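The values are calculated or read from the model by the stated rules, or taken from the named source; none is laboratory data. Just so you know, these numbers come straight off a predicted model, no measurement behind them. Glycine gets a Cβ as well: all are built from the backbone with ideal geometry, and neighbour counts include every protein chain shown.
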Amino acid sequence: MFCYKSILFFLFFILTPFQSLALDKQLEANVFSALPVMREVSSPFVEPERKHFKTVSARIFSRFGAYRSTYRKGHLHSGVDLKGAYGEKVHAIGPGQVFRNYWIFPNRAVAVLHHLPDGGAIYSAYVHIQDIKVKEGQQVDENTELGRLFNREEMRQARYRSPPHLHLEIRRSMTDNGRRSFSAMTMSSLMEYCLDPEPFLRSLMQK
Ligand SMILES: [Zn+2]
């Protein structure tokens with residue numbers, strides 16, 4: 001068990017920078033053409049009032065910047081954790097393009113690139129999901145199912161003591177291929193790549 005995990009971890013660190021460089025160039029070349037602007041954000045879960053901030057905020061049980069003892073002990077939480085049901089379906093928060101399906105040990109993740117009304121672009125990243133339904137380059141919106149939360153058995157295997165949840169990140173950049181998410185020890189290091197999702201969501205959701 002130990003060896004297997006060590007080898008996977010090693011391969012992850014060695015190989016991902018090379019994959020991401022090639023992909024960044026290729027995708028960024030065609031990504032800025034036909035994407036709609038994301039003027040409004042929806043909850044990643046299909047539920048009543050999913051465009052209202054209170055719907056998402058009611059699910060938050062761990063905030064951005066919180067202390068983490070897993071992976072690199074003491075790193076800061078890079079997103080918000082949203083409570084869900086076992087196996088609950090996860091959707092994009094708004095229109096965008098799947099930038100990358102990636103793997104943050106031991107979790108699968110999807111990053112979606114969005115254009116914003118101010119002319120900027122951000123990524124939303126959905127971490128700890130399974131049965132990923134989308135491909136890199138695919139255009140998505142709030143009705144697109146990206147995957148689902150862990151079921152009971154997957155939660156047990158991942159050794160999470162928390163309830164089933166989605167780790168949702170809002171990112172400025174994916175050039176680290178998601179690695180800063182479990183290794184930032186200071187807020188300045190974290191915020192080179194990640195934004196606090198709460199003010200971001202509040203700004204683009206109904207009050
Ligand atoms: Zn989290």
## Note on the structure
Going through the stretch 165-182 in order, the residues found to be within 14 Å of the ligand (Cβ to nearest atom) and more than 21 Å from residue 120 (Cβ to Cβ) are 165, 166, 167, 182
### Task
Would you mention how many residues in the stretch 184-195 are surrounded by 18 or more Cβ atoms within 10 Å (Cβ to Cβ) and outside any strand (DSSP E or B)?
3
### Message
Any residue that is modelled with pLDDT of 95 or more, away from the ligand (no atom under 16 Å from the Cβ), touching a strand residue (DSSP E or B) at 6+ places or on another chain (Cβ under 8 Å) and not hydrophobic (A, V, I, L, M, F, W, C) - is there at least one of those in the stretch 62-74?
### Response
no
### Query
Restricting attention to the stretch 145-164, and to residues there that are closer than 23 Å to residue 200 by Cβ and within 15 Å of the chain's Cα centre (by Cα), which single residue is nearest to the ligand (Cβ to nearest atom)?
149
### Message
Between 156, 108, 100, 180, which is assigned to a helix (DSSP H, G or I) and either in contact with a strand residue (DSSP E or B) (Cβ under 8 Å, 6 or more places away or on another chain) or modelled with pLDDT of 95 or more (or both)?
### Response
180
### Selection within the stretch 49-60 - of a type outside the set (D, E, K, R) and either within 19 Å of residue 144 (Cβ to Cβ) or surrounded by 17 or more Cβ atoms within 10 Å (Cβ to Cβ) (or both)
53, 55, 56, 60
### Query
Does the stretch 80-88 contain any residue that is touching a residue at least 60 places away in the same chain (Cβ under 8 Å), among the aromatic types (Phe, Trp, Tyr), in contact with a Pro (Cβ under 9 Å, 6 or more places away or on another chain) and surrounded by fewer than 21 Cβ atoms within 10 Å (Cβ to Cβ)?
yes
### Task
Give the stretch 125-150 a look and list any residue that's touching a Pro at 6+ places or on another chain (Cβ under 8 Å) and among the polar types (S, T, N, Q), or say none.
139
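The rows are residues; the columns are (1) buried (at least 18 other Cβ atoms within 10 Å of the Cβ); (2) closer than 19 Å to residue 96 by Cβ.
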site	(1), (2)
134	yes, yes
137	no, yes
147	yes, yes
156	no, no
161	no, no
166	yes, yes
171	yes, yes
182	yes, no
197	yes, yes
### Task
Would you mention how many residues in the stretch 32-61 are farther than 24 Å from residue 107 by Cα and within 12 Å of the ligand (Cβ to nearest atom)?
0
